[in-house]
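A.B. asks: Pasting a structure below so you can have a look.
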Amino acid sequence: MANKKDLSADELSECVQDFYQNLSDRLMTHFKGSSERVERVMDEVEKYIMTRLYKSVFCPETTDDEEKDLATQNRIRALHWVDIQMLCVPVDEEIPEVSDNVVKAITDVIEMDSKRVPRDKLACITRCSKHIFSAIKITKSEPASADDFLPTLIYIVLKANPPRLQSNIQYITRFCNPSRLMTGEDGYYFTNLCCAVAFIEKLDAQSLNLDPEDFERYMSGQTSPRRPEADGGWPQVDPPTGSAASSPALTQVYQNLDLLSGMGSRQDRVLEGVQSLQRDLITWQESVEREVQEILEKYPLEIRLPAPSAIDSDNVENDRLPPPLTPQVFAG
């Protein structure tokens, strides 16, 4: 593959997948049908091969993976206003344990981009999914169902906005050991991630039970479901109580809202002071110019020059000076 740089991404994938299949068949014969031992060897083979080939086959120039990454990233940014209630996510982030699991899930899905081996990227998705199931279980006090899991995974992806999401999905699809994708929990969680990304790409007003006009305004940034009050200031929020008070993240949010409220009124006072100072400066300048003009009119400036006089006219000792020397010529 190192000598076949002109191949397309699909052709590169086919080379790797053919190698996986041929080697797996030979190992199955060698280990006399022990699938567990074959899987362990294949995992190490995948790790070695894809670590060596990562730079040349991840997001290759022959594909539009990079453009898809940017489109997905911009799409998720535009959906920053979507909250838990809109997606019907059965998670209560005011519970400290739930909040911790949400943060860990976000961290895991972001960490996926730092891994080189497809199996390691899948492991990040699996850890993320398990944290999601834990958060749902703590919130509902019962095991989570598939109907609860997918909306929560969509919410986590929206909050995380993982880097190069499309490129990572394509990389796993093209170069992961197929037996891992087709069976087991890794394959199940990866399939759900693909479904979550597809849902985000097609998300519309009907999906969130919103008016189409409101949806378009939210997407364009003209307004937001949670915006400041009409008077221009941020709404006053009571401090959290009960279980909410024990969440450091939520407490910080309330403190930030209080700080924003105080900063808004302080800014108004500063602007009023600046405008008043500007008016005072203009008035002072006009008064100074007026006073100078009045003084000039009352006391006009007259420049008196002394009368011209002869040189040494004031010297009374001129008569006693010797006569000037007469030039003399000396013959050489």
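A.B. asks: Testing Gln73 on (1) assigned to a loop (DSSP other than H, G, I, E, B); (2) in contact (Cβ under 8 Å) with a residue 12 or more places away in the chain, one condition comes back false. Which one is that?
C.D. replies: Going through (1) assigned to a loop (DSSP other than H, G, I, E, B); (2) in contact (Cβ under 8 Å) with a residue 12 or more places away in the chain one by one, Gln73 breaks only (1).
A.B. asks: Return yes or no: is Ser56 out of contact with any Leu (no Cβ under 7 Å at 6 or more places or on another chain), within 18 Å of Asp10 (Cα to Cα) and part of a helix (DSSP H, G or I)?
C.D. replies: When the stated conditions are applied, Ser56 passes them.
A.B. asks: Could you look through region 83-117, keep only residues that are among the acidic types (Asp, Glu) and within 24 Å of the chain's Cα centre (by Cα), and pick out the one that is most open to solvent (accessible area, probe 1.4 Å)?
C.D. replies: Asp100
A.B. asks: Output the number of the condition that Phe215 fails; it satisfies all remaining conditions of (1) within 23 Å of the chain's Cα centre (by Cα); (2) at pLDDT below 95; (3) at positive phi.
C.D. replies: (3)
A.B. asks: Let me ask another. List the number of the failed condition for Ser141; all other conditions in (1) at positive phi; (2) modelled with pLDDT of 95 or more hold.
C.D. replies: (2)
A.B. asks: Kindly indicate the residue of region 173-201 that is among the aliphatic types (A, V, I, L, M) and surrounded by 14 or more Cβ atoms within 10 Å (Cβ to Cβ) and also nearest to Ala78 (Cα to Cα) among those meeting that condition. I'd like the intermediate steps shown before the answer.
C.D. replies: In the first step, residues of region 173-201 are kept if they are among the aliphatic types (A, V, I, L, M); the result is 181-182, 193, 196-198, 200.
Next cut, surrounded by 14 or more Cβ atoms within 10 Å (Cβ to Cβ) only: 181, 193, 196-197, 200.
Numbers: Leu181: 31, Leu193: 20, Ala196: 16, Val197: 14, Ile200: 11 Å.
Filtering region 173-201 for residues that are among the aliphatic types (A, V, I, L, M) and surrounded by 14 or more Cβ atoms within 10 Å (Cβ to Cβ), the one nearest to Ala78 (Cα to Cα) comes out as Ile200.
A.B. asks: Contact list please: Cβ distance under 9 Å, first residue in region 199-223 and closer than 19 Å to Pro151 by Cα, second residue acidic (Asp, Glu) and open to solvent by 70 Å² or more (accessible area, probe 1.4 Å), pairs at least six apart or on different chains.
C.D. replies: Ala205/Asp211; Ala205/Glu213; Ala205/Glu216
A.B. asks: Kindly indicate whether Asp92 is in contact with a Ser or Thr (Cβ under 9 Å, 6 or more places away or on another chain), within 30 Å of Arg217 (Cα to Cα) and not small (Gly, Ala, Ser). Give the steps one after another, and end with the answer.
C.D. replies: Values: in contact with a Ser or Thr (Cβ under 9 Å, 6 or more places away or on another chain): yes; within 30 Å of Arg217 (Cα to Cα): yes; not small (Gly, Ala, Ser): yes.
Criteria met by Asp92.
The values are calculated or read from the model by the stated rules, or taken from the named source; none is laboratory data. Everything numeric in this text was worked out from a predicted model, so none of it was measured. Cβ sites come from the backbone with ideal geometry, for glycine too, and all protein chains shown count toward neighbours. Ligands, DNA and RNA are excluded from the accessible area calculation, which covers all protein heavy atoms including side chains. Shrake-Rupley method; radii C 1.70, N 1.55, O 1.52, S 1.80 Å.
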